[in-house]
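Structure, as structure tokens:
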């Protein structure tokens, strides 16, 4: 029978495989959608003077971009990729959805600003943590040199 640690490791590995399969499906969907955009470009070219044509084209392109960001998030789930995906989703909602109120637009704008601030804060925290680890490494090396002398 499985021990507690072996069961956790098995479930973790199973989850990794399932995430990989999901990523392959998302990748396949992105490729199919990109191929499907080719006729859309031609349609947009002929209707380029109409604002609705650009809106439809942009909706399709942003769907692909969000799919790519989601794929990145599946492959490398870190805070930066997650926040980037959410920013694109909110931005797509703001740009594509024409039935929004000014309050909806304000809330979406504030959400994007907060997400960007959070992303910047996390980036600064990571850099600070790297410097701290680097300083600890230098301190250990300095102590080793002092001990050698």
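The values are calculated or read from the model by the stated rules, or taken from the named source; none is laboratory data. Fair warning: this is a prediction, and the values are worked out from it, not measured in the lab. In this analysis, Cβ positions are derived from the backbone assuming ideal geometry, glycine residues included, and neighbour counts consider all displayed protein chains.
Here are a few things to note about the model shown:
- Residue check for residue 105: more than 30 Å from residue 17 (Cβ to Cβ), modelled with pLDDT of 85 or more and surrounded by fewer than 16 Cβ atoms within 10 Å (Cβ to Cβ): yes
- All of 82, 66 fail the test of being in contact with a helix residue (DSSP H, G or I) (Cβ under 8 Å, 6 or more places away or on another chain) and touching a residue at least 12 places away in the same chain (Cβ under 8 Å), apart from 66.
- Filtered by the rule that a residue be in contact (Cβ under 8 Å) with a residue 24 or more places away in the chain and in a loop (DSSP other than H, G, I, E, B), region 85-111 gives a lone residue, 98.
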